[in-house]
Each structure stands twice: as C-alpha cells, then as structure tokens.
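This is the structure, below, for whatever I ask next.
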Amino acid sequence: MIKQNNSEKVFTVFNYIFLFITCFITLYPLWHVAMASISDPLIVYSRRGFFFLPAGQMTLRGYTLVLANPNIGVAFLNTLFYVIVGTGLSMFLTILGAYVLSRKGLYWNIIVMKMIIFTMYFQGGLIPFYLLVRNLGLLDTRWSIILPVAVNTWNLIIMRTAFANVPESVVESARLDGASDWRIIWVIAVPLAQATVAVIALFYAVYRWNEWFNPAIFISSKSKYPLQLLLREILLFNDTSSMTQLGSVGQSQQESYRMLVKYCTIMVATIPILIVYPFLQRYFISGIMIGSVKG
Amino acid sequence: MAAKPDAQAGVMPWSAKIAHDWRRHWHLYLMLIPVVLFYLLWAYGPMYGILLAFKDFSPRFGIMGSPFVGLRYFREFFNSPFSYRVIRNTVLINFYNLLFGFPLPIVFALLLNEVKNRYYKKTVQTITYMPYFVSLIVICGIIVDFTASDGVFGEIFRLLGLTPTNLLANPKYFRSLYVGSELWQRLGWDSIIFLAALSSVSAELYEAATIDGAGKMKQILHVTLPGILPTIAILLILRIGFMMSLSFEKIILLYNGLIYETADVISSFVYRKGIIENNFSFSTAVGLFNSVINFFLVVFANKVSAKMTETSLW
C-alpha cells in the first residue's frame, strides 16, 4: 500500500465521522419508533421529543394489542395476497415480454418497443385511468389493484437488457436439442439472468407491499384493504379506534395507548421488509447495472 | 433494423416478409401477446378518456355522448388564481429536489468509495439503502409525528432557543420537509449507480496519477469525476426529463388547507378536483396540460442525451 500523508489521514478520519453521522440520521427515525414502541404507554402519550432508549417500564403491551387485532390480521393477509399474486403475475408478464423483446431479428419487436416506450413519454392521466377501471366494473375488486400496474416499463427494460446478454449461441444450441422457446426461457434465460430477476422481483414485491394510492381510490370495503391503507387511517387520520376498542384495554386507558399503538403498527408493517432486503442486497449493484448500462 | 432472417427475405415484398417473420417466430410472438394486451388496455385505454378534457362530462351520456365544449376547461384553469400557484409550486419543489437530490448522492458515493475498510463500507451501505424500502405511509406518519410542536423537531427548536411550532401547519417549511425527507429516503439508494460506475474506473489511472504526485483531491477531480461523467450526464438528463412527473402521493398525504400555498402542485390539484370533488372534465384538462409538458421534457431530454452521449436512452 501507498503511505498516506497527513492531509489524507485527516480526510479519512473526517470521512468516517461524516458517514457515521449520515448513518445515525438515517437510522434515528426508525430507532425512535422502535424505542417508543416498547416504552411505557403513559410516558409515550405525555412526553414526546427524542427517544434514544425505551422510556419507563419496558412493555410489549402495544404489540400484543396490535397483533391480536383482527383488522390488522385481515389487512396483513390482504397485503400478502397482493404481494404474492401481484408479484407472480408481474414477473410472469415481464419475463415473457422482456425475453421476446430481447431476441433479435423479429420484425414486430421494433413496433412493440416503440409502443411501450411511448407510454413513458405520455400517459392518459389520473381521471381517464380511474374512469377506465370504473367502466370495466373493477371498482372495489382485488383485480383493480392487481391488474392495472402489473407491468412496470422500467423493470421491463432492465429485464430485457439482461436477457439480451444471454448469448444467441446458447439459445440456438438448446433449440437444436429440441427445447421449445418456453423451456429456454425458464431453464436457460432466467437462471443466466438470475441477479436481475431477483432484483426485479424484489422491486415488484416491495412496490406491492408499500402500495396505497390505487387501493385508496379503488377499494371501498375494509375487507379488501391492504395493510398500508389501514396504516394510513391509524397514522394520518388519527383513527386508532379500530385498534384499541377490540383489545382488552379499559375505556380510560384507550387514549393513552393511542400513541403506543401507532408506533407498534409502524414496526409491524416495516419489519418484514427490513428482514428480507439485506439478503438481496448483494444483487443490487449487478442487477441494476446490467439493466441500465445500455438501456 | 432487424437482422436478415435469411438470404431470401431481402427480396420479398413487405407483406410476405411479415408472413415469413410470423411463420418463423409465431411461438415467440405468442408469448409477447399478454404484454401487448396489457399496454393496450392499461396504458392506451386511458388515452381515450383524454377526450373528456374537451367535453362537459355527465355520467348519463358517457364519454362519447357528453357535449363538446372545446377549450373551456383549459381557459377556466388558466384564468383561475390556482393555475399560477400550482405551476409555481410544481416547478419549485422539483427544482429544489433536483438541486439537492441529484449531486448529494454523487458526493456520498465518492466519499463511500474512499472507505478502505470493507465492513464499515458494507454497514454504511446496508443502513443507507434501507429507507428506500420503507413505505411512504410510514414515512409520512413519522414526519407528522416528528413535526408536531412537541415532536422531535419541536425539541430541536427548543434546544436552539426557538419557539416550537407545528411545521406542517406553516407554509414556509413544506418544501424543506419535502426535499429533506426525499433526501433521507433516497441518498443511499441513488448512490448505488454511481458507486458501480466508480468501481469501473481503472486502477491503473489512479496509480499513474499517484506516480505523477497527484493528491487525493487532484485524483478525484482528474481521474474519478471524468470516469463517471457519462453516468452523471445520462442520469441528470433522465431526472430532468421526468422532473414534472414527480409523485404527488407524499404531497396529498402531508398537505392540508393551511399550506396549499406552497404545497399544492399540479398533480395534487388534479387529484383533489377529480377524485375528491368529481370535476372529471376540468381535472382531466389540467392533467392533460401536465402530461403535455412532461412529454416535451422527456423528448427534449432524449434529444440532448442522443447528442451528448451518442446513445439515446431508448
């Protein structure tokens, strides 16, 4: 290694400190919520400001209330449905479309690509989109959430670029061995583009987990609410009535549990994603770069 | 152009070429059909509804049957005091967001690239990518909590000797809150692509620079930055192209009547007039105005990119 001179040492130290502060600021809001969620409900209710550590007697009471709540359970299952069915459909359509569009020498590909890319330049807008869903009779159905956003154009383009790197010679020799295009996609192309497939699946799944706007304008029955819509009521409309009244909390205590329940709900809705994503982190750079280097 | 399928195809009339192409590739095209149908229905379907902008929509007659009113709703929008306000807010919020949200991830990537300790680097990455995956509802919930007069920001105000106030009730804080929270969520994530570009700058160039006696700053200026300049150019153009189509979701989750003055943008206005107040025609007209601006911005961005980098984005 080349020796560092003094000014470089100073730079290195400051750099480490600066990055540490950035991490602290990034983590603090979530840390704050985590600490508040296990604090004494009365303290959480009356005192705000910083929470570096749990305040007062540590308790998991908020979590038992949240997890025992049937509304949360239903919303959680709904979200699970939207994530699994939505991501499955998205991946199916994206992989098929991207593979075909990545093959060279097909006349229609040029036209179809133009047609797809035009939709990035110009959209019909919110109201025509809403009316389309309404006219198709999809209001308040699960399909209104699953279908309209099944394919994301960016993801399709990234996927297509990744498939374009699958050598034609490999495909050709598989074809000579009698493999159908359908088989070639699933047995050769997808495993070869594994990193990108994983990242795109993660993007779709996270999108589905966090999605709230389309459900908010299309879904009216609570039985079909995804978790995020319930969260919106609790966090932004300040409506925790659906949370505490069903729990075994006395009338007088309900108000004091309001804040605690908020924090616990945030945790319950966020933890699943935070657990999954570090495992896929190693794919980020390779998966994204392959798709964007030559778009 | 497509590669020649075979020698014969070159001399065929185009109808025969298409038939030939179909015979050769029909099993591939079959798999393309679902995606084509998806785009026809969900991307092109709504375009038909744009007609609404020129009609006085009544549900009884549907889109076709409603009477034609020409540019009435466009005039109504531009004559209203809201047009200036929402256009100004859209431009300003986007501009500030670009001003901070674009260069800072580059700086962050440069700094991270200088970290030699692998574990420290990896930890910083894991932590700073994380907020990107947190849902908007949760982020807005935390913002509301932190900005309340007795929240975390209130506490900071108190420590600084200022009077704590509810930041979301005061129009002058909204843009900072918007840009700041975007930065919090995206700093790490947006730096990934620059980090990847940095890792492809050749090590030999650094060695050569070191032998020439260039210090850290000189190396960054003369080796690192030129190395990632194409990536920076492409991404900047992309950002500008999609600048006006910013997501209004955060805005409609956070704003309220008290702060429309600085918070209301074109798309949130469209949402409020259309979905909440059921002014379908008026709202479609305003939305169309927004779409047309977006269209020209993206076309412009693509042209510039094609000139500058000799590769257009698509």
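Mind checking the dipole of the range A:61-295: about its Cα centre, +1 per Lys or Arg Cβ, -1 per Asp or Glu Cβ, Debye to the nearest 20?
For this selection, approximately 120 debye.
For the pair A:Phe24 and A:Ile111, what calculated FRET efficiency results from E = 1/(1 + (r/R0)^6), where r is the Cβ-Cβ distance and R0 = 51 Å, to the nearest 0.05?
0.45
I've got another one for you. Apply 1/(1 + (r/R0)^6) to the Cβ-Cβ distance of B:Phe82 and B:Val107, taking R0 = 45 Å, and write down the FRET efficiency to the nearest 0.05.
According to the calculation, E is roughly 0.75.
In the protein assembly as shown, if the dipole is taken from +1 on Lys/Arg beta carbons and -1 on Asp/Glu beta carbons about the Cα centre, which of B:Ile211, B:Val35, B:Asn256 is farthest to the positive end?
B:Val35
Determine the equivalent ellipsoid of chain A by diagonalising the alpha-carbon gyration tensor, then write out the semi-axes as square roots of 5 times the eigenvalues, largest first, rounded to whole Å.
Equivalent-ellipsoid dimensions as semi-axes: 42, 31, 17 Å.
On a full-extension model of 0.36 nm per residue, what is the gain between A:Glu255 and A:Asn6, subtracting their alpha-carbon distance, rounded to one decimal in nm?
83.8 nm
Pop a pseudo-label 7 angstrom from the Cα along the beta-carbon direction at both A:Tyr45 and A:Lys104 and give the gap in nm to one decimal.
Those two pseudo-labels are separated by 7.0 nm.
For chain A, modelled as a GNM with alpha-carbon contacts under 10 angstrom, which of A:Ile25, A:Ile43, A:Ile157 fluctuates the most?
A:Ile25
Where in chain B is the longest stretch that carries no trypsin sites (Lys or Arg not before Pro) classed as loop by DSSP and with at most 14 other Cβ atoms within 10 Å?
Longest stretch, sites excluded: B:117-314.
Using Cα centres only, tell me the gap between the range B:161-236 and the range A:85-148 in whole Å.
34
Moving on. Which value in nm describes the separation of the simple spin-label points at A:Arg175 and B:Ser199, placed 7 Å from the Cα toward the beta carbon?
According to this spin-label approximation, the distance is 3.4 nm.
Here is a further query. What residues have an amide H closer than 5 Å to that of B:Lys55, excluding those fewer than 5 places away on the same chain, when H is modeled at 1.01 Å from N in the peptide plane?
Close amide H contacts, sequence-distant or interchain: B:Val69.
If the label point is 7 Å along Cα→Cβ of B:Leu41, which residues in the range A:111-144 have backbone nitrogen under 16 Å from it?
In the range A:111-144, the label zone of B:Leu41 (backbone N under 16 Å from the point 7 Å along Cα→Cβ) covers A:129-144.
Tell me whether chain B comes out rounded, prolate or oblate; compute the Cα gyration tensor, take square roots of the eigenvalues as a ≥ b ≥ c, and use a/c under 1.5 as the rounded threshold.
oblate
While we're here: When B:Phe146, B:Phe282 are ordered from fewest to most other Cβ atoms inside 10 Å of their Cβ, what list results?
Arranged by neighbour count, lowest to highest, B:Phe146, B:Phe282 become B:Phe146, B:Phe282.
While we're on this one: In chain B, which whole DSSP H runs stretch at least 18 Å along their own axis (Cα) and average -1.0 or higher on the Kyte-Doolittle scale?
Passing helices, by number: B:14-39, B:81-101, B:174-199, B:225-241, B:280-309.
Between rounded, prolate and oblate, where does the protein assembly as shown land on the alpha carbon gyration tensor, with a ≥ b ≥ c its root eigenvalues, rounded for a/c under 1.5, else prolate if a/b exceeds b/c?
Taking the square roots of the gyration eigenvalues as a ≥ b ≥ c, the protein assembly as shown is oblate.
Label-point separation (nm) for B:Leu30 and B:Arg72, each offset 7 Å from Cα along Cα-to-Cβ?
Between B:Leu30 and B:Arg72, the label points sit 5.2 nm apart.
Sticking with this one: How would you classify the range A:12-93 from its alpha-carbon gyration tensor, with a ≥ b ≥ c the square roots of the eigenvalues: rounded for a/c under 1.5, else prolate if a/b is greater than b/c, otherwise oblate?
Note, shape of the range A:12-93 comes out oblate.
How large is the charge dipole for chain B, taken about the Cα centre, if only the Cβ atoms of Lys, Arg (+1) and Asp, Glu (-1) carry charge, to the nearest 20 debye?
440
Restricting to DSSP H runs of at least four residues, report the calculated mean residue ellipticity at 222 nm for the protein assembly as shown, -39500 (n - 2.57) per run over all residues, nearest 500 deg cm²/dmol.
-22000 deg cm²/dmol
How would B:Leu235, A:Leu136 line up from fewest to most surrounding beta-carbon atoms within 10 angstrom?
A:Leu136, B:Leu235
Please compute the average number of Cβ atoms from other chains found within 10 Å of each residue's Cβ in peptide B:48-54.
Going residue by residue through B:48-54 and averaging, the value is 4.
Laboratory data are not the source of any read-out in this text; all were calculated from the coordinates shown. Treat the numbers as computed from the prediction; the structure is a model and nothing was measured. Don't worry about glycine lacking a Cβ; one is built from the backbone with ideal geometry, like all the others, and counts go over all protein chains shown.
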